[in-house]
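The values are calculated or read from the model by the stated rules, or taken from the named source; none is laboratory data. Everything numeric in this text was worked out from a predicted model, so none of it was measured. Note that we place each Cβ from the backbone using ideal geometry, even for glycine, and neighbour counts take in every protein chain shown.
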Amino acid sequence: MKFIVLGASAAYAGPGEACSGYLIEEGNTRILLDCGTGVVSNLFNWLDPCKLNAMVISHLHPDHFLDIYPLRYYYQFDATVPSFSLRTLAPDKSSDFLGSILSDSSKKEFAKFFRFEDINDKISYKFNDFELRFKKVKHCEPTYAIAINGKKRLVYSADTGYSEGLVEFTEGADAFICEATLQEAHAGAQVDHLTAKQAAMVARKGGVKKLFLTHIWPGCDGQVSLKEAKEVYDGEVILLSANKLFEI
Ligand SMILES: [Zn+2]
């Protein structure tokens, strides 16, 4: 299994970066996890978007979905596969929410290119070589962490505060892509996000094999996040940035 980082910034894209987006691949199976600001431009570096099997939107914050609009124009005007339509797993009512800024005619066009399905965290989803499972996490919008089980197990935290439920969900992960929006300087802030230290705590308690820190606030020095995480977690910790490929 491999994953490619398409964007790793929180909230807004820092210089040369993009917001949340990860391409997960094994054999002929390719899943796009989140589609934040700037993700589609980076996706073209790696893959024709008509080769995606599915897209998952973890929650309805712009840094996780905004590039669905440019992706629609690619599918509408330049798709290499006629009438391509992407299976899109997302929280309830995402189709209505995302269509709400479009005119009536544009909304109809938009709906042709994305086949929305509400995420159900009680079932698993099969995509060729992958099985996907979801876990609702602690965030201000309905938000789902995602586990992808193939030859390896990859878990993505999405955006979340600390919870034991998240720890349980990470168990057995070969790779854990975890948000670390904050640092110790912000510890105690009343927001549903993790500090790098808390991300490392989740990784340690869950016994994950490798921790990948992401969703760092653009104004924060990622090296500080890395240092703070390493104080808590003994395994390998890697700081993510756009257009990097990892084999797991
Ligand atoms: Zn976010």
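The condition (being modelled with pLDDT under 95 and surrounded by fewer than 17 Cβ atoms within 10 Å (Cβ to Cβ)) is satisfied by just one residue among Gly219, Gly165: Gly219. Of all the numbered requirements in (1) more than 19 Å from the chain's Cα centre (by Cα); (2) under 17 Å from Glu141 (Cβ atoms), Lys122 misses one, and that requirement is (2). Counting the residues of the stretch 24-73 that are within 21 Å of Thr214 (Cα to Cα) and assigned to a helix (DSSP H, G or I) gives 10. Can you name the condition, by its number, that Val56 falls short on among (1) out of contact with any Cys (no Cβ under 8 Å at 6 or more places or on another chain); (2) over 26 Å from Lys135 (Cα atoms); (3) touching a residue at least 24 places away in the same chain (Cβ under 8 Å)? Checking Val56 against (1) out of contact with any Cys (no Cβ under 8 Å at 6 or more places or on another chain); (2) over 26 Å from Lys135 (Cα atoms); (3) touching a residue at least 24 places away in the same chain (Cβ under 8 Å), the one that fails is (2).
Filtering the stretch 42-87 to residues that are surrounded by fewer than 15 Cβ atoms within 10 Å (Cβ to Cβ), under 15 Å from Val5 (Cα atoms) and out of contact with any Leu (no Cβ under 9 Å at 6 or more places or on another chain) leaves only Phe44.
Annotation: His186 fulfils all but one of (1) crowded, with 18+ Cβ neighbours inside 10 Å; (2) farther than 21 Å from Arg133 by Cβ; (3) within 16 Å of the ligand (Cβ to nearest atom); the unmet one is (1). Going residue by residue through the stretch 108-125, is there one that turns out to be touching a helix residue (DSSP H, G or I) at 6+ places or on another chain (Cβ under 8 Å), in contact (Cβ under 8 Å) with a residue 12 or more places away in the chain and of a type in the set (Val, Ile, Thr)? No, the stretch 108-125 contains no residue that is touching a helix residue (DSSP H, G or I) at 6+ places or on another chain (Cβ under 8 Å), in contact (Cβ under 8 Å) with a residue 12 or more places away in the chain and of a type in the set (Val, Ile, Thr).
Here Asp92 clears all of (1) within 18 Å of the chain's Cα centre (by Cα); (2) surrounded by fewer than 18 Cβ atoms within 10 Å (Cβ to Cβ); (3) closer than 28 Å to Glu26 by Cβ except the condition numbered (3). Against the conditions (1) under 13 Å from His59 (Cβ atoms); (2) buried (at least 19 other Cβ atoms within 10 Å of the Cβ); (3) not aromatic (Phe, Trp, Tyr), Arg153 satisfies every one except (1). Of all the residues in the stretch 1-36, those that are farther than 21 Å from Leu182 by Cβ, in contact (Cβ under 8 Å) with a residue 40 or more places away in the chain and within 16 Å of the ligand (Cβ to nearest atom) number 2. Number of residues in the stretch 5-34 that are touching a Pro at 6+ places or on another chain (Cβ under 9 Å) and closer than 24 Å to Glu117 by Cα equals 2. Leu245 fails exactly one of the following numbered conditions: (1) under 17 Å from the mean Cα position of the chain (by Cα); (2) surrounded by 16 or more Cβ atoms within 10 Å (Cβ to Cβ). What is the number of that condition? It is condition (2) that Leu245 fails.
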